[in-house]
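Here the structure is laid out as structure tokens; the discussion comes afterwards.
The values are calculated or read from the model by the stated rules, or taken from the named source; none is laboratory data. The model shown is predicted, which means the values in this text are computed figures rather than measured ones. Note: ideal-geometry Cβ built from the backbone for every residue, glycine included; neighbour counts use all protein chains shown. The area values use the complete protein model at the heavy-atom level, side chains included, leaving out ligands, DNA and RNA. Shrake-Rupley method; radii C 1.70, N 1.55, O 1.52, S 1.80 Å.
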Amino acid sequence: MSSSQPRFTVGICGGGVSGLCIAVALSRCPDIEVHVYEAANSFKEIGAGVMIWGRAWRALSLLGLDQVFREVAGAPADGSADPQFGFDYRRSDLGSEGFLIHRHVLPYPGHNFHRAHFLDALADLLPAGVAHLGKRLVSFTYKNTPTGQVGLHFVDGTSATCDVLLGCDGIRSVVRRCMFEGLARDGRPQLTQYIEPMWTGEILYRCLIPSEELPLKNGGKHPVLQRPIIYCGNNKHFFGYSIGRQKWVNVGGFVTTPGRRGDTWEEPWVSECSVQEVVESFAGWERDLQDIIKCVERPMKWAVHQVKPLPFFAHRHVALVGDAAHAMTTHQASGAEQAIEDACVLAALLSHSSVTQANLSQALKAYERVRLPIAQHVMAVSAATGELYEMRNGLNGDGYSAWISELKTLWRWVAGEDLKTEINKALVMTRDIGGTRFQYKL
Ligand SMILES: Cc1cc2nc3c(=O)[nH]c(=O)nc-3n(C[C@H](O)[C@H](O)[C@H](O)COP(=O)(O)OP(=O)(O)OC[C@H]3O[C@@H](n4cnc5c(N)ncnc54)[C@H](O)[C@@H]3O)c2cc1C
């Protein structure tokens, strides 16, 4: 940061994937002051594998973070991936011999990585003075100043001020709660319905398995080490793919109670559970899957929640980002992907030299108009993908041809519009913006 007066100060609540991507990108702008307020005492998340697609790779390049990601994911320099990359979809709940429904080769690269490693690498890039750990936000207030500053209030009794607040604080976002509660008090009571996340009726059993523990198959590697596999069945499915340069296999089994979507989940969202619970959930499924389940140790049980599709992401000088805005089911492995796209568009807008304190709210609205339709489309297709995997839409007759056709349709967005186009749209929407800025190749 330069010693001269900054153009504006950005407060980022939450140091997860979205918060750290924006923080690193904006901290490279000499005329913007950035602060990340993270509730935890470190950025190290006890997380597992995450997969992202070509669009997020492109976003990371635009953010100048492709090299750090490449090192973490072990990806090639140009972001290209195995041209045969994709998933094997199997019908697995009809006895000990499953069968291949479809091998879907994706026409765009997918990269998987260990989330904690990526967060570590991003945190290392933050200049001194940007990160504030152990700072749990409890509320924000709009200050009565001519430029519309935002006051931040933390659980330890301290407070801070910024010109723009980015709520990167995840699915249970305090920023979202404050924004919608405030608007409800101001005469829009219907907005309270968007505060609490919703249980999807799904339970996910999850763990990492060291690759060397999987038994050989027909003298070679277990199939799940050769390509990602989705084992499908009625109201359940199981996924597996290797991460960390094939060191581990990230596995998860979903069990859905369709009638309970939208019910309140009374227990903790994440808890330990017994191996037996996983074994029983997938008893009678095909043999290759049983070989994987035999290696499961210390599984975690997640009650899968999502944010209800919000009517907007931004109000005045506050915007919701990533899971705070659009936490979704994991069936297309797209939550972090979408969070990275949000980060890219916001960082491009805020770093633009023509965005000032005077037009910050327009820039945030432009972000919302570009990102909301895409993120909510991905939310919808992600949920529909879960329905498909668990045979709830009646498309599994006729040799699965309708099923396969629907699968291809649901994945189509991943090859959609270029992010540069979306950033340009947002720049055009933000009034009074002209020229371009150095680090974004617009
Ligand atoms: C089981 C599972 C598997 C997934 N797999 C994939 C995948 O393969 N691919 C993919 O793209 N996505 C995946 N996702 C989704 C992905 O993890 C999320 O979409 C992504 O982490 C969202 O990033 P974020 O920065 O918005 O929020 P988060 O990563 O949740 O980060 C929020 C941060 O805010 C902090 N915070 C919270 N409240 C406060 C507060 N009041 N004050 C200050 N700080 C606060 C938290 O400590 C945290 O550090 C998966 C999700 C789950 C649950």
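For C273, the residues whose amide H sits under 5 Å from its own are K301, ignoring neighbours fewer than 5 places away on the same chain, with H placed 1.01 Å from N.
What number does the range 290-390 give for Rg over Rh if you use C-alpha atoms and the Kirkwood radius?
1.13
Label-to-label distance for T147 and E196 is 3.9 nm, based on points extended 7 Å past Cα in the beta-carbon direction. So how tilted is helix 335-351 from the main axis of the chain? Cα-based, degrees 0 to 90, rounded to 10. Relative to the chain, helix 335-351 is tipped by roughly 20 degrees. Return the tail of the calculated pair distribution for the chain, meaning the percent of Cα-Cα pairs more than 43 Å apart. Result: 14 percent of Cα pairs exceed 43 Å. Summarise the long-distance tail of P(r) for the range 105-210 by giving the % of C-alpha pairs beyond 21 Å. The calculated P(r) of the range 105-210 puts 59 percent of pairs beyond 21 Å. For Q226, put the label point 7 Å out on the Cα→Cβ axis and report which residues of the range 91-110 keep their amide N under 15 Å from it. What the label zone holds, given the 15 Å backbone N cut-off, is 98-104.
Residue separation of A77 and K217 scaled by 0.36 nm, minus their Cα-Cα distance, works out to 47.1 nm of gained length. If the only charges are +1 at each Lys and Arg Cβ and -1 at each Asp and Glu Cβ, what is the size of the charge dipole of the chain around the Cα centre, to the nearest 20 debye? In total the dipole reaches around 820 debye.
FRET efficiency for the H117 to D263 pair, using the beta carbon distance and R₀ = 41 Å, is estimated at 0.70.
Taking the C-alpha atoms only, the angle from helix 419-429 to the longest principal axis of the chain is near 30 degrees.
Database remark: amide H of A131 closer than 5 angstrom to the amide H of V36 (H placed geometrically; neighbours at sequence offset of 5 or more, or on other chains; Pro and chain starts carry no H). Here the extension length gained between D291 and S96 equals 69.1 nm, from 0.36 nm per residue of separation less the Cα-Cα distance. Expressed as a whole percentage, what fraction of the accessible surface of the chain belongs to carbon and sulfur atoms when a 1.4 Å probe is rolled over the protein heavy atoms? Using a 1.4 Å probe with all protein chains present, the chain comes out at 50 percent carbon and sulfur. Taking Lys and Arg as +1 and Asp and Glu as -1, the other residues whose beta-carbon sits under 10 Å from that of S96 total -2. Each Cα pair under 8 Å and six or more residues apart adds its sequence gap; the mean of these over the residue count of the chain is a relative contact order of 19 percent. Counted over the chain, the DSSP beta bridges are approximately 75% antiparallel.
The mean accessible area for residues of the range 198-306, using a 1.4 Å probe and ignoring ligands and nucleic acids, is 46 Å² per residue.
For the Cα atoms of the chain, what angle does the longest principal axis make with the long axis of helix 17-27, in degrees from 0 to 90, nearest 10? Between helix and principal axis, roughly 40 degrees.
Take the Cα of E272, step 7 Å toward its Cβ, do the same at S405, and the gap between the two points is 5.0 nm. Based on protein heavy atoms only, the range 10-158 ends up with 39 Å² per residue of surface accessible to a 1.4 Å probe.
If you take the beta carbon distance between N393 and A415 as r and set R0 to 25 Å, what does 1/(1 + (r/R0)^6) give as a FRET efficiency, to the nearest 0.05? Calculated transfer efficiency: 0.65.
Derived scalar couplings between HN and Hα for the range 183-196 equal 5, 5, 4, 8, x, 10, x, 5, 6, 5, 4, 8, 6, 7 Hz in order, rounded to whole Hz, by the Karplus curve 6.51 cos²θ - 1.76 cosθ + 1.60 (θ = phi - 60°), x for Gly and Pro.
Charge tally around P210: other residues with Cβ under 10 Å, Lys/Arg +1 each, Asp/Glu -1 each, net -2. The residues L372, L62, L133, sorted by heavy-atom accessible surface at 1.4 Å with ligands and nucleic acids left out, run L133, L372, L62 from largest to smallest.
Between D156 and Q5, the distance separating the two model label sites (each 7 Å from Cα on the Cα→Cβ line) works out to 3.0 nm.
Translational D (Stokes-Einstein, µm²/s) of the range 198-306 at 4 °C and 1.567 mPa s when Rh comes from the Kirkwood sum over C-alpha pairs? Each step should come with its number before you reach the end.
Details: Rh = 14.5 Å.
Reported coefficient: 89 µm²/s.
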